[in-house]
1. Between A:LEU77 and residues 5 or more places away or on another chain, which pairs have amide H atoms under 5 Å apart, with H built 1.01 Å from N, and which residues are they?
2. Once phi is turned into ³J(HN,Hα) by the Karplus curve 6.51 cos²θ - 1.76 cosθ + 1.60 with θ = phi - 60°, what whole-Hz value does each residue of region B:245-256 show in order, with x for glycine and proline?
3. Suppose every K and R has +1 on its Cβ and every D and E has -1 on its Cβ; what is the size of the dipole of region B:125-248 about the Cα centre, in Debye to the nearest 20?
4. Across 10 Å bins from the origin, how do the percents of Cα pairs in region A:196-334 run, short distances first?
5. Which order do the peptides A:102-110, A:220-228, B:187-195 take when ranked by the mean count of other beta-carbon atoms within 10 Å per residue, highest first?
6. With Rg and the Kirkwood Rh both taken from Cα atoms, where does Rg over Rh land for chain B?
7. Find the percent of Cα-Cα distances in region B:70-186 that exceed 24 Å, and round it to a whole number.
8. Quick one: putting +1 on the C-beta of Lys and Arg, -1 on the C-beta of Asp and Glu, what dipole do you get for region A:210-308 around its Cα centre, in Debye to the nearest 20?
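Any read-out appearing in this document is the output of simple, stated calculations on the displayed coordinates, not a laboratory observation. Keep in mind the model is a prediction, meaning the values are calculated, not measured. Cβ placement follows ideal geometry from the backbone for every residue including glycine, while neighbour counts extend to all protein chains displayed.
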Amino acid sequence: MSTDASNEVRLAAESAASRAAHSAADASSQEPSGPSSPRRKGLSERNRPLWMLIPGGVLMIIIIVVPLLLGIFMSTLNLDQYTLRKWVSAPFIGVENFVEAMTSSPLLHSVWLSVSYSLLAMVVTLPLGIAAAVATQNAFKGRAVIRSIFLIPYVLPSFVVATVWRTMLQPDGIVDKALGTVGIDVGLWLNGPQTFWTLVLVQIWASWPFIYLLALSGLQAVDHEVHEASALDGALWWNKLRYVVFPYLKGPLSLAFLIGMLHHINNFTLPFVLFGVPAPADVEVLPILTYVTSFQSFRFGLSAAMAFISLVLIAIPLFVYLRAVKLDDAESPGAKK
Amino acid sequence: MSTSTATRRSPGTTDIPRPGSKRQHEVLRLLPGPLLTIILLFLGALVLIPVLYIFLASVNSDIGVANGEFWPSSFSLDNYSKIWTSVGLATGLANSVLVAGATAVVSAALSVSTAFVLVRYSFRGRLTILRGLLALQSVPGTLMVLPVFVLFSSASTYLGIQVIGTQWGLFVTYLTFAMPFSTWVMVTYLRGLPKELEEAAKIDGASNLGVLFKIILPLSWPGIVVSGIFAFLLGWNDVLFASVMTRPESQTAAVALQIFGASQEGGAIPFYGQMMAAALVCAAPVVILYLIFQRYLVGGLTAGGVK
């Protein structure tokens, strides 16, 4: 029984992830084909209009691939505001930029900040998102409105979120006033050592709806029989959630975890607008450090090296993500396992 | 067992229980009522209080906002008339609409044809391209901004084409960075379309282009809208590239607001009211787009997990 059940749960979670993507397509789109259904046999090999790939391909080569290689090349040059104009003939210094980035720059501190801030934000958003999804799963009056409201933080552009929180967190601003009425004095939000927690808090506010969305798509996969069975067994709500419903969420939530981490680590706009540059040392996350090194200190070569190192860092969750995605048979980037 | 009354549902259907059936409701219940109410109230307040505050602060006086008033002591809509010139929102919004709008249209068009080839034809490197589409969505912008900047400034040095500081540079950049996700959205969408129609059209002698224009396009407009909107949002929300590659006259709304906010530091009381009014105006188009296309967009979000 237990193996059977767990197997079913796994399958359901998979199809949940795949359906989440599939609903991007039309809700009315028929054919609920599972991830394992054999479908790719009919791919045509004759008369292929491959030229249609050219416009997008050319764009991506010029604006993504070439700059990527250029960035790697620049990371080996001694580039500053004087040599940038003729960057081709800038002095070649090999790996010196990388050595400097690793040893005498705040890079390692930034890596630590980026990773810990992303993880902390993720750890809080997960339960928030799950709670929201579980609470809005069943129909009640006004559910559509609540669901729309829950999406607002995610819908708002990052620069708007940051501008608004920046205003609310000013010294003696609304947040300080509100906390003051209950006798809490936190101190400065936008300067000094607490800025790290400010960043985490605002990121949590902005990104829990994403977890909510993916958790919701996982809940759709819970079959009706499962509800019936646990009702017959008289399962308490907590046990039902813990042992029956949550296993369905594992797939979508691991996906959400990976993508969310990538988003957080790559998030430039939020810290940039929230704190401005130069940012306080406690929020100098990787994107900010790279940006400041380029456009404030004009150490372009060093910045390129930092960017390259952060790409390596990104590559870890990215690799896991790409491995987990079925490119073809599944309808979507669902977790494969 | 009384399964006769229970509806057996295939995995493809939605989660909504049979309306009007109390028993169904009890069976499907996940949380006890009080807890559910607490969660909804807490999360609702978490979202709505800041949102309400933006409205209230935008009609408040700057001193009122600085003193931490929630409810304004004086109402005034002046801020909404000032921001067009003081923040530069008139130029900013015009540029944002132009650049993001053009990005949306072109990216949607390109992504349909690209996805069509990727989904319906087999060729060497197809899987690599699919994988690349996913990978490219996660390339950090901070990694790209400097090389792209250098590339564009080289274009003016060596080719005599001025790209930096124009809307063209932004447009091309956003278009390229929007393409991977837009294409992925279309790939997932086109996979859901039945192939039979295309086959029938081919038997009737339609060319590849004919199939694309006469069959695919009319059938896939919801997907096209979604991929276009995501491309639009990418351009609308970007601060990084726009802050490096624009001049005052080609600034987007995002950069205009960011610069206005940053310039308020120090000295007198910042123009909080105008900042909030401008923030609201910048957010409005995005929120409206979401509300209109919510049904499709939510699916698109979970498909690629990109904002």
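1. Close amide H contacts, sequence-distant or interchain: A:ILE93.
2. Karplus-based 3J(HN,Hα) across region B:245-256 equals 9, 10, 10, x, 7, 10, 4, 8, 4, 4, 5, 4 Hz.
3. Numbers: 7 positive and 5 negative charges, 32 e Å.
Using Cβ point charges on Lys, Arg, Asp and Glu, region B:125-248 gives about 160 debye.
4. 10, 28, 27, 19, 10, 4, 1
5. Numbers: A:102-110: 15.3, A:220-228: 19.4, B:187-195: 22.3.
Ranked by mean Cβ neighbours within 10 Å, highest first: B:187-195, A:220-228, A:102-110.
6. That ratio equals 1.06.
7. Result: 49 percent of Cα pairs exceed 24 Å.
8. Working: 4 positive and 6 negative charges, 61 e Å.
Approximately 300 debye in magnitude.
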